[in-house]
1. With every protein chain present, what accessible area does Thr705 have (1.4 Å probe, heavy atoms only), rounded to the nearest 10 Å²?
2. Once label points are set 7 Å from the Cα along Cα→Cβ at both Val740 and Val181, what is their separation, rounded to one decimal in nm?
3. Please give me, ordered by residue number, the trypsin sites (Lys or Arg not before Pro) of the range 388-427 that lie in loop per DSSP and have at most 16 other Cβ atoms within 10 Å.
4. Of Lys347/Lys403; Lys738/Lys759; Lys685/Lys759, which sit over 25 Å apart, Cα to Cα?
5. So what are the ³J(HN,Hα) numbers for the range 395-403, from phi and the Karplus equation (6.51, -1.76, 1.60; θ = phi - 60°), rounded to whole Hz, Gly and Pro as x?
6. For the range 359-490, which whole percent of the accessible surface, found with a 1.4 angstrom probe, sits on carbon and sulfur atoms?
7. Could you pull out the pairs from Lys383/Lys515; Lys167/Lys599; Lys399/Lys514; Lys562/Lys724; Lys530/Lys566 whose alpha carbons sit more than 30 Å apart here?
8. Taking the Cα centre of the range 623-672 as origin, work out the dipole magnitude from +1 charges on Lys and Arg Cβ and -1 charges on Asp and Glu Cβ, in debye rounded to 20.
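The values are calculated or read from the model by the stated rules, or taken from the named source; none is laboratory data. None of these values were measured; they are calculated from a predicted model. Backbone-built Cβ (ideal geometry, glycine too); neighbour counts: all protein chains shown. Protein only, heavy atoms only, side chains kept; ligands, DNA and RNA dropped before computing areas. Shrake-Rupley method; radii C 1.70, N 1.55, O 1.52, S 1.80 Å.
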Amino acid sequence: MTRIPRDRSERPGKPAVRIGRAGKKAVLPADDVVIIHGAVPPRDVLMRFISENPEKASKREIYKAFGLKGETRVELKALLREMEQDGLLEKKRNSLVRPGALPPVTVLDITTRDKDGELIGRPTEWPEDEGVAPAVLIRQSSIGQSKGKTPVGGIGDRVLAKIFPAKDRGGPAYTARIVKVLDRKRNNNAAMGVFRLLPDGGGRIMPIEKRSEEMQVDAEHQGTAKDGDLVEVEIVRAGRFGLPRAQVKSVVGSVASEKAISMIAIHAHGIPYIFPENVLKEAEAAGPATMSHREDWRSLPLITIDPADAKDHDDAVHAEPDPSPHNPGGVIVTVAIADVSWYVRPKSALDHEAAKRGNSVYFPDRVVPMLPERISNELCSLKEGVDRPALAVRMRFSKEGRKAGHTFHRIMMRSAAKLSYNQAQAAIDGNPDDQTGTLLEPILKPLWDAYAILTRGRDRRQPLELNMPERKIVLKADGTVDRVFVPDRLDAHKLIEEMMIQANVAAAETLEIKKQPLVYRVHDAPSLAKQETLREFLATLDLSLVKGGNLRSNHFNGILSKAVDKPFETMVNEMVLRSQSQAIYSPENIGHFGLNLMKYAHFTSPIRRYADLIVHRALVGTLGLGEGGITPAEEAALNDISAEISTFERRAMAAERDTIDRLIAHHLSGRVNEEFDGRISGVTKAGLFVTLPAYGADGFVPISTLGRDYYIYDEAHQALSGEKTGLGYRLGDQIRVKLVEAVPLAGALRFEMISEGRKMPTATRSFHKSGRRDRKMPGTRPPRGRR
């Protein structure tokens, strides 16, 4: 008798108890599967064994694991043959694997890192007919590295790796251990640095990443690079001694220009920004969509409302009173979204590139699009007066804002107008222009009436209402910063936002009803540890957060409302924001805590988000709306797809943030030794993070520069408190600082505190394991930079 344990750390096939005769019963834990040693195992046991033991998935190893001899081996061969014919298994080399599964040893290309900094790779070779290649989490042990026993890989490397099924079902389906590094840093042309001219000719490449090393450029390899240029280089020779020799491949531009600054972020974060030739050819070859499986909605006056400088328009809206006598005072809201799934088909070159990018990335001067402009700005953009294919959802709401039903349609539409947010808002506020004057009564006012109804539903739902205005950078013609401002938050913005949210909910609900696998947009509740940290902080302000596991977004809203117009309003908003989890994509639904919704998926932006494209394909496929539906291979890969696009989203956010930090650092680099008004935006044992509200800039005040007192870090109060004087600084304090250093390439600012500290409440002094207080230590050199 043999048990197959649930825990893969135990060895399947090893007898757990004394082997009994055939048919003899034994009592084993409920989590174990009982089989008879020497008998052919059932299909489900075989499938689990093969999945959990890829290194033992040959016929010979299966014979050994289950103790099969003679006739039972013949029976097993017949069973495995049937399973192959049924599509449950397939042969790869000498092993049996599930269709789409990786073999025990695979060549991987390391492409990125996950949120925890772990390396992510994908198979170097993967059949196109099997959909998206699975992501693999690469585990790198520190054991033995000093002796060179364990190969260590990095982004850009090609490695031979041993594959294991992942235990954690929330991430990639596989983990891997590197057996051998086959090729290091294959993307040499992506290396970047700042060229510094040497007196005797040639120059040095100063790295833009902290972990990179300097490189030397001989005069014959300098090209057209001038001192101070940001350049792309290729290593031409690297040895054990001396600096690597590099050749300048291209000059991006002066580091003083915004063009160069955004390229730093693009390269530093590994964002694909050049479309391969086959992708561009496929985009150029695309033609107008047909009316096959489409309804003709070109007479419905849908309109787009977007930023004034928008080039791609992927959503259009319309609203009207519901004529049904069963819904008095209700409205019908229609949201139409560009039908990207018609043009970007699974397994195509466009699809492969879109999956690799995950989303469009927005910088102050440029957009790195997920799709070529031929698709994003032309064929899929819902331009005014032009026929365009779309997926539309028609939603009915009662006068109380409760949704009464919805239906999805694949349509051909023709936008009646292209408006900006300011333009639409001005018309509603009584200042229409020549274009909006004729649209006010028939189109705009019904939209605002519908928004008023949707707002009732939103108020009842009570999503998290943080007051954290975002700043926008305006550039001059030369790409440098002109000004930083907080744009107005208009009802026009809120109208579009709420209608998009309702369309996203409708998509998730429809796919769930059809039992169609999909990618949800999920947002978990704050962790218990973060709740407790926030609770302790709020207690210092005489505010309380309920305890227990049934925490809802309205609990946070109650706290935020009590802080309105108080000196600590900004501080409370920031702390509530920090307590929140990161929203991600997942095929497993846990709801969206921030929006207070149980079912939510991204549907409304398929031009710029791959998650939305997957949802479109799922809708097309499950509703029988024609070509371009989701494939079985995509459904099987949703775990990997979700993990990957969540990583790419974080990559884009980091690149956008880094670019803004570098821009502001450039902007302020000529104002070193000047004083500024600031606000403490973060408190750590190493010092204070300071935001300059007028510029949206973040910098650091090292604790070693605060003065001669010893400063104690008080986590509950989010403060640094002087041990002797009792004076200190707290999160949210308005202060005066002097800029003492600006490092534009790193986007870092270092400040010196000018303001005197204020009287602090008695600090809750925490102790390290060594028994020392959390305080300023003489000679401390904390890191510079951002949060």
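1. Taking all protein chains as shown, Thr705 has close to 60 Å².
2. 3.9
3. On the way: sites: Arg394, Arg396, Lys399, Arg402, Lys403, Arg410, Arg414, Lys418; in loops: Lys399, Arg402.
For trypsin sites (Lys or Arg not before Pro) across the range 388-427 that sit outside H, G, I, E and B with at most 16 neighbouring Cβ atoms in 10 Å, the list reads Lys399, Arg402.
4. On the way: Lys347/Lys403 37 Å; Lys738/Lys759 22 Å; Lys685/Lys759 19 Å.
Violating the 25 Å Cα-Cα cut-off are Lys347/Lys403.
5. Whole-Hz 3J(HN,Hα) from phi for the range 395-403: 10, 10, 10, 6, 5, 8, x, 8, 6.
6. Values: 2900 of 6320 Å².
Of all accessible area on the range 359-490, carbon and sulfur atoms account for 46 percent.
7. Numbers: Lys383/Lys515 34 Å; Lys167/Lys599 26 Å; Lys399/Lys514 28 Å; Lys562/Lys724 34 Å; Lys530/Lys566 23 Å.
Too far apart for the 30 Å limit: Lys383/Lys515; Lys562/Lys724.
8. Numbers: 5 positive and 9 negative charges, 113 e Å.
The dipole of the range 623-672 has a size of about 540 debye.
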